[in-house]
Amino acid sequence: SRTPVTITITGAGGQIGYATMFRIASGAMLGQDQPVRLRLLEIPQGMRGAEGAALELTDCAFPLLEGVELSDDPAVGFEGANIAMLIGSRPRTAGMERGDLLAANGAIFGPQGRAIGERAADDVRVIVVGNPANTNALIAQQHAPDLPAERFTALTRLDHNRAVGLLAAEVGASVKGVDGITIWGNHSATQYPDLSHAVVAAQPALDAVDREWARGAYIDRVAKRGAEIIEVRGGSSVASAANAAIDHVRDWVLGTGDRRTSAAVVSRGEYGVPEGLISSFPVRSSGGDWKIVEGLEVDEFSRGRIDASVAELVAERDAVRELGLI
Ligand code: NAX
């Protein structure tokens, strides 16, 4: 039988952590023939929640689950990790300045990145979900200089899946017939969901929908979907966020085939995005590596939207540099 894969989940006592671990243990992420070991990493205040979830994991008697360990010490939690899902963070709360937010997250993602660099398995793959996700991923990556930078990614798959779902609904088509959407830039309100190269129901998306909608209301709806969920549901996106994180890791490890998706990965200068930034791009995965899809035509409208979101990432990077966090 196959060697178990070790998966570390931070923020395991929180909502998204809870919604993620049962699906991983059931085989939804790495497949029905792949045993898994879970490491649940929390801070002391979150340990009871993680302990409770671990009791429920026992009660599911998942055949693929080879073990569950809990810790509030990153050096223990990342030991031997093949996959690290960094969900716990310090999100922005009312009245918080950007500098405070970045400093609080630097104190989390710096030490976690260092622990990953020192303790995790050589093949470790990291996905950051906790916001501000792109910049938190950059901070972690900068603290693990011995690992290839490409192993650090951030989640924009939720934005991507939202963009797919909303396009399919607009056309009255199946999501199976949607491909070629790109989320560009930052996982924030400046993100750019781009239909320029998308297809839906076997035709170019921009022919299937009103162009003004595609480049106006649609972009706003995708970018503000998180706020819409909070307003309607009375709470933030949880199951859909967990689902997107699982999709990201599954596609990274098992491959996308010919289909395209979106992920925030390290730039080598593609599409004019400054080298080293962790920015969302059109991607495919094969052989366990994300590859940015190059050569897509970028028109003037798209150029402006991409540049605006990338400028925000540059400002976040400069701010964490000034704070001495990277
Ligand atoms: P919760 O507040 O329910 O859970 C967060 C958990 O993280 C808590 O149990 C907390 O104790 C733990 N934690 C905090 N610091 C930690 C540390 N240093 N080490 C380990 N654990 C730590 O939040 P939840 O709803 O689960 O959301 C988690 C994060 O996902 C938030 O930052 C949120 O903003 C972010 N999101 C990111 C999305 C994305 O698409 N990239 C979408 C969904 C979500 O908004």
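Each value in this text was obtained by applying a stated rule to the coordinates, not by laboratory testing. Worth saying up front: this structure is predicted, and the values here are computed from it rather than measured. Using ideal geometry, Cβ is built from the backbone for each residue, glycine included, and neighbour counts are taken over all protein chains shown.
For this structure, a couple of remarks:
- Packing-based exposure ordering (other Cβ within 10 Å, fewest first) of Asp247, Asp299, Asp123: Asp299, Asp123, Asp247
- Sequence ranges 248-259, 102-113, ranked by mean other-Cβ count within 10 angstrom, highest first: 102-113, 248-259
- Applying 1/(1 + (r/R0)^6) with R0 = 41 Å to the Cβ-Cβ distance of Asp73 and Glu297 gives a FRET efficiency near 0.25.
- Inter-label distance, Val232 to Glu51: 3.8 nm, where each label sits 7 Å from its Cα along the C-beta direction.
- Amide H contacts of Val293: Val283, Arg284, each under 5 Å away and 5 or more positions distant or on a separate chain (H built 1.01 Å from N in the peptide plane; Pro and chain starts excluded).
- Rounded FRET efficiency, nearest 0.05, which uses the C-beta distance separating Asp59 from Thr93 and R0 of 41 Å: 0.75
- Whole-Å distance, taken between Cα centres, linking the stretch 37-84 and the stretch 216-284: 25 Å
- Counting other Cβ atoms within 10 Å as a rough exposure proxy, the listed residues Leu55, Leu155, Leu206 run Leu55, Leu206, Leu155 from fewest neighbours to most.
- Helix-only arithmetic for the chain: the sum of -39500 (n - 2.57) across DSSP H runs with n ≥ 4, divided by the residue total, places the mean residue ellipticity at 222 nm at -13000 deg cm²/dmol.
- Förster radius 41 Å - calculated FRET efficiency between Leu323 and Arg259 (Cβ-Cβ, nearest 0.05): 0.55
- Solvent-free Debye scattering, log10 I(q)/I(0), computed from the Cα coordinates of the stretch 78-186 at q = 0.17, 0.20, 0.21 Å⁻¹: -0.82, -0.96, -1.01
- For q = 0.08 Å⁻¹, Debye-computed log10 I/I(0) when each Cα of the chain counts as one equal scatterer: -0.35
- Dipole magnitude of the stretch 135-282 about its Cα centre (Cβ charges: Lys, Arg +1; Asp, Glu -1), debye to nearest 20: 260 debye
- Most tightly packed first, judged by the mean number of other beta-carbon atoms within 10 Å of their residues, the peptides 63-75, 271-283, 302-314 read 271-283, 302-314, 63-75.
- The order of the peptides 194-202, 33-41 by mean Cβ neighbours within 10 Å, most packed first, is 33-41, 194-202.
- Positive-pole candidate from Leu195, Val320, Ala169, dipole of the chain, charges at beta carbon: Ala169
- Using only side-chain charges placed at the Cβ, +1 for Lys and Arg and -1 for Asp and Glu, the dipole size of the stretch 69-194 relative to its Cα centre rounds to 320 debye.
- Three-way shape call for the stretch 5-154 based on the alpha-carbon gyration tensor, with the a/c threshold at 1.5: oblate
- Its Cα centre serving as origin, the chain has a Cβ charge dipole (Lys and Arg +1, Asp and Glu -1) of approximately 320 debye.
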